[in-house]
1. Taking the Cβ of TRP426 as the centre, find all other residues whose Cβ is under 13 Å away and add up their charges (Lys, Arg: +1; Asp, Glu: -1).
2. Could you name the lysines in cross-link range of LYS277, using Cα to Cα under 19 Å and dropping any fewer than eight places away on the same chain?
3. Please sort by residue number the GluC sites (Glu not before Pro) in segment 608-710 whose DSSP state is loop and whose Cβ has at most 11 other Cβ atoms within 10 Å.
4. Can you list, by residue number, the Cys in the chain that have no neighbouring cysteine C-beta under 4.7 Å?
5. State the antiparallel share, in %, of DSSP beta bridges confined to the chain, rounding to the nearest 5.
6. How high is the relative contact order of the chain, given as a whole-number percent (alpha carbon pairs under 8 Å, six or more residues apart)?
7. With a sphere of radius 14 Å drawn around the Cβ of PRO193, what net charge do the other residues whose Cβ falls strictly inside it have (Lys, Arg +1; Asp, Glu -1)?
8. Under a cut-off of 26 Å between alpha-carbon atoms, report the lysines in cross-link reach of LYS27, not counting same-chain residues fewer than 8 places apart.
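Just so you know, all these numbers are worked out from the coordinates, no wet-lab data involved. These numbers were taken from a predicted model, which means no experiment stands behind them. Cβ placement follows ideal geometry from the backbone for every residue including glycine, while neighbour counts extend to all protein chains displayed.
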Amino acid sequence: MSLAAEEIGEARNTRTVLLNTGNAEQKREEIRNYLHNTFVLEEQLYEVLKNDDAFYLRPESLRHPLVFYYGHTATFFINKLTLASLIQSRINPRFESIFAVGVDEMSWDDLNKSNYDWPSIDEIREYRKAVLELIDSLITSMPLNLPLTWESSFWPILMGIEHQRIHIETSSAIIRQMPLEHLQTHSTWDVCPHAGEAPNNQLIEVQAGLVTLGKKRNHQTYGWDNEYGEKTTQVAEFSASKYLVSNGEFLGFIKDNGYYEKKYWTDEGWQWVQFKKPEHPLFWVKKEDPYTLRTLLEEQDMPWNWPAEVNYLEAKAFCNWLASKTGKSIRLPTEEQWQHLHQLHDIPDQPEWERAPGNINLEHWASACPVDHFAFGEFHDLIGNAWQWTETPISGFDGFEVHPLYDDFSTPTFDTQHNLIKGGCWISTGNEATKHARYAFRRHFYQHAGFRYVESIQTMEKPTAMYETDTAVSQYCHFHYGPSYFDVEDLSAHCVRLCMEHLKNKPTTRALDLGCAVGRASFELAQHFDAVTGIDFSARFIRVAHQMQQKGNIHYELTEEGEIVSYHEQQLSAMGLDKNQESIAFFQGDATNLKPQFTDYDLVLAINLIDRLRTPAVFLDDIRHRINVGGILAIASPYTWLEEFTPKENWLGGKRKDGEPFSTLEGLKEQLGKNFKLINEPADVPFVIRDTKRKFQHSFSQLSIWEKVI
């Protein structure tokens, strides 16, 4: 049930929930209010669209149309609650498939509009109401113990709320690029009335100091995985600009032909310039007078004293231009330098302030404001107004762990291609407006982000080849691409070889590698099929598979013994699999709730998958619709049924039925018998997984091959 407007209060001015204060009933109501305020704020954002047709426009080519995000934030709750076993059935499986993955501009993210048959906005509105009612009922009924932790049943609800607030901000950046004829004014989104000439910027000395990054697991506010852990660094003395770079200051770069001078740009930056042909920042509109600024819902005379909102590549080019003009070592700050400035000024964190000390948390305006409006000692805008680009590619701190409910929040960005933004902007709310917030974008991406420059001679850490340190991922890298042990053939290669024996004289147009992990079977299948789809639930695995596809190599570390590790590189060419990899498309997806476009396959291969699904019978019932008549379904599994993955009532076999032992193969025959016939003598295929230098797991997967007959 929804709360009345007067009970909700001001949706714009809300604070992230403290995890360790009050009693259970107070906390329950606090979370409930936070949930409803978040839904109200998101609705208020989409109310700026003049009509429902605007939801289906795509003003930003690197992101989905707004209809996706309108459904995505609600779907996220259901998918995470399902994964956490807090709900037993879905509300709308179709919605929870097409709106599931929203990783913007990741290589495995499907932005092909032909793959989507978007529902009506009215349907999505009803769905969102149903989701809100469900979450409200869970908040009301679930046991609540304080403090709230990663393991709490309330964590996926907080995760959903904070995720929704991120998308309120990213959707506002998309709307800001939408043609104005599709938008209308709204009382929630008021523009700062203050504008004028740009102040003269200057460098101010900053003393040296010790910085410790990261938050402890018992911190009082919700955190994303990359925020936890620890990193301690000695920051040398440096100087930092008093203000964020204003539109007026950035104009000097433009007037000096900065967008046309290759010497100011990184190689990546110049490639972007050659491709996009920019002449000014994205939100500037060129007029005779000479520019206006596009805010969320209007164009206005250029406020020269507001921050210049640019991507990293532009910010970096400006710094290089300024360095050439001044002869100083000008660059963007590192994360450590940003943190050092923050802690020197003892800025209260969001839950602790009475009123936001900067233009943040939607407590002042729904736009940027003058860069000299909010002072923090000698500096201005140490938080808020615009996100601040840093020189630091995001990675995890020591002690980094992936939350099991959301493994694709941070790890896809740990590729040295995504730089950190710090400090928040005017529309950053919830976790985004806290000092520990760590978000990152590709360097050519636009957000409401600007920059401050520093003069510094301290050597920066250089990104190096990314060695996978996640134990599970590293183990699978070695399992798929490493050497064989004890003369046991690679499991993926072995299964593909056996499948191909049963595909003689059959079509080999399309194959699906479901539960593809880090991709070995997909590359094996690409040697035989015209097109291969690789799908896995884990973004960590898909990221590695895609890296192997794009770069032809991967790096990872393995445990030798104790804390001793070794470093490894594997190359696709060394296995003779460097042909036809362009025919593979990798996607993140749920095997029990696949998107509609994954169909018409001649072979579906599922290796070591069915005993890791919550509802394997749902998978088997659905997969028959995705295989052509005469096509093959190949299932390999050790049948290691564990209740941590599959509730016992959902096991296909490995249990007693009517008092008698009932095997998984019998269960498969029962599930598949109406539509498939078993065409091989099920074979036990051996495989070896390396744990450490002297410890190995030697197991067998039973491979059964089924031909679809009807």
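1. Details: positive: ARG12, ARG176; negative: GLU169, ASP190, GLU309, GLU363, ASP381, GLU432.
That sum, taken over residues with Cβ under 13 Å, equals -4.
2. Answer for LYS277, where 19 Å is the Cα cut-off: LYS255, LYS262, LYS263, LYS286, LYS287, LYS316, listed by chain and number.
3. Details: sites: GLU643, GLU644, GLU649, GLU666, GLU670, GLU707; in loops: GLU643, GLU644.
When the GluC sites (Glu not before Pro) of segment 608-710 are filtered for loop state and at most 11 Cβ neighbours within 10 Å, GLU643, GLU644 remain.
4. For the chain, the answer is CYS319, CYS425, CYS477, CYS495, CYS499, CYS516, because their Cβ atoms have no other cysteine Cβ under 4.7 Å.
5. Working: 61 of 85 bridges.
Expressed as a percentage, antiparallel bridges in the chain total about 70.
6. Numbers: 1337 pairs, mean separation 82.3, N = 710.
Over the chain, the number comes to 12 percent.
7. On the way: positive: none; negative: ASP190, GLU298, ASP301.
Residues close to PRO193 contribute a combined charge of -3.
8. The reachable lysines, counting only those whose Cα sits under 26 Å from LYS27, are LYS80, LYS129, LYS215, LYS216, LYS435.
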